């Protein structure tokens with residue numbers, strides 16, 4: 001009975017964590033970099049904005065695996081700039097395993113789709129007419 | 001005697017504020033943005049790295065022109081990442097009066113010169 005209770009509590013915790021990670025711009029960015037830190041590229045790719053019919057999580061995961069040059073030791077989300085109700089920028093401090101390489105600062109665009117936040121820019125077709133068509137690139 | 005004590009406290013407070021505004025990359029950036037947002041361009045220049053040939057008046061004028069082009073309505077210093085012990089990048093959430101995008105995150109490059117943090121590039 002005790003084991004069963006522990007199992008149920010763990011299951012609920014997992015469900016809560018997976019649901020809450022995309023509830024906010026900060027949450028999705030934290031989840032994304034946590035996955036990158038653990039080299040779980042498939043899980044990280046699932047958090048990317050699913051744009052177009054050709055979107056494939058597996059392809060994005062492969063691209064991520066190939067593009068991450070520095071192994072991530074730790075990270076911290078510094079803050080959020082809300083651009084509109086559907087898009088935001090999140091500033092993140094990245095500390096590579098090789099500390100001699102120095103810390104990095106990135107701002108990550110995030111966008112809302114079907115009530116969930118994703119990593120990436122909001123497609124122009126999804127933007128209201130009052131917003132800009134251009135968003136800053138992820139940059140350091 | 002009471003007046004003298006008050007004066008001493010005020011002087012000490014001013015000294016502390018003066019020293020602390022360049023004690024970290026974040027505080028130097030905050031002081032710079034505060035000065036620019038208050039149109040105090042002459043003060044803002046104090047937080048910018050100067051080369052031998054740079055003239056504070058000219059730099060203040062350039063800052064004023066830049067700011068009038070795209071006036072800062074609000075700013076929020078989010079935090080810093082240290083590239084080295086003497087070089088950091090600071091993220092600032094900025095809202096402009098006009099222009100696109102109106103809201104953005106600016107990355108400011110800050111360096112330590114003679115023990116004080118100053119803005120190198122933004």
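The values are calculated or read from the model by the stated rules, or taken from the named source; none is laboratory data. Remember, predicted model here, so these are calculated numbers, not experimental data. As a convention, Cβ positions derive from the backbone with ideal geometry for all residues, glycine included, and neighbour counts pool all protein chains shown.
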Scan of the range A:66-85 for residues that are part of a loop (DSSP other than H, G, I, E, B) and more than 30 Å from residue B:99 (Cβ to Cβ), ordered by number:
A:68, A:69, A:70, A:71
Kindly indicate whether residue A:28 is surrounded by 16 or more Cβ atoms within 10 Å (Cβ to Cβ), away from every other protein chain (no Cβ under 14 Å), outside any loop (DSSP other than H, G, I, E, B) and at pLDDT 90 or above.
yes
If we ask which residues in the range B:76-100 are within 16 Å of residue A:103 (Cα to Cα) and touching a strand residue (DSSP E or B) at 6+ places or on another chain (Cβ under 8 Å), their number turns out to be 13
Pick out the one residue from B:88, B:93, B:80 that is without any contact (Cβ under 8 Å) to a residue 60 or more places away in the chain, surrounded by 19 or more Cβ atoms within 10 Å (Cβ to Cβ) and touching a helix residue (DSSP H, G or I) at 6+ places or on another chain (Cβ under 9 Å).
B:80
Please determine whether any residue of the range B:101-119 is over 28 Å from residue A:100 (Cα atoms), more than 14 Å from chain A (Cβ to nearest Cβ), at pLDDT 95 or above and buried (at least 17 other Cβ atoms within 10 Å of the Cβ).
no
Tally time: how many residues in the range A:35-65 are in a helix (DSSP H, G or I) and either crowded, with 16+ Cβ neighbours inside 10 Å or modelled with pLDDT under 90 (or both)?
16
Restricting to strands (runs of 3 or more DSSP E) lying wholly in the range A:86-139: which have 1 or more residues that are at pLDDT 95 or above and under 14 Å from residue B:106 (Cα atoms)?
A:87-96, A:104-113
Name the one entry in B:62, B:28 that is surrounded by fewer than 15 Cβ atoms within 10 Å (Cβ to Cβ) and farther than 19 Å from residue A:90 by Cα.
B:62
Which of (1) free of Cβ contacts under 8 Å to residues at least 24 places away in the same chain; (2) in contact with a strand residue (DSSP E or B) (Cβ under 8 Å, 6 or more places away or on another chain); (3) more than 13 Å from chain B (Cβ to nearest Cβ) is the odd one out, the single condition residue A:95 does not satisfy?
(3)
